[in-house]
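These notes concern the structure reproduced below.
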Amino acid sequence: MQVLTEARPGEICEIKWMFGAPEILGFMKRHHIEEGSRIRVFQSWGGGLIVGTEHERVAISRDIAERIKV
């Protein structure tokens, strides 16, 4: 298991667990990013990542991505 920030662009990962503020977790769930979801890392840069499911993409900060284990 590794933190999401260690995943490389193009890699598909399954979320094992994630934690954070309820507002953040609610936002992620509304975008179908939750434990058990398979997501793809589209881009990674110094400040965060762009990840997505089959239907949508979301930009998340590096701080949030470090709280997601894949």
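The values are calculated or read from the model by the stated rules, or taken from the named source; none is laboratory data. Only a predicted model underlies this, so the values are computations on that prediction, with no experimental measurement involved. Virtual Cβ from ideal backbone geometry, glycine too; neighbours counted across all protein chains shown. Surface accessibility is based on the protein's heavy atoms, side chains included, excluding ligands, DNA and RNA. Shrake-Rupley method; radii C 1.70, N 1.55, O 1.52, S 1.80 Å.
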- [ ] Specify which labelled value, from (1) 15, 13, 12; (2) 36, 11, 11; (3) 27, 9, 8, agrees with semi-axes √(5λ) of the Cα gyration tensor in Å derived from the coordinates of the model shown.
- [x] (1)
- [ ] Let me have the 222 nm mean residue ellipticity of the chain computed from DSSP H runs of 4+ only, each contributing -39500 (n - 2.57), with the sum over all residues rounded to the nearest 500.
- [x] -4500 deg cm²/dmol
Task: Low-density loop positions, chymotrypsin sites (Phe, Trp or Tyr not before Pro), the chain - DSSP coil, at most 15 other Cβ in 10 Å - done: 19
Open item on the list: Nothing charged except the Cβ atoms of Lys and Arg (+1) and of Asp and Glu (-1): what's the magnitude of the dipole of the chain about its Cα centre? Round to the nearest 20 debye.
Closed with: 40
TODO: Take the solvent-accessible surface of the protein heavy atoms, probe 1.4 Å, and return the percent of it on the chain that carbon and sulfur atoms account for.
DONE: 49
Open item on the list: Suppose all protein chains stay in the model; what accessible area per residue would a 1.4 Å probe give for the chain, in Å²?
Closed with: 62
- [ ] Report the trypsin sites (Lys or Arg not before Pro) located in the chain that are in a DSSP loop and have at most 15 other Cβ atoms inside 10 Å of their Cβ, or state none.
- [x] 16
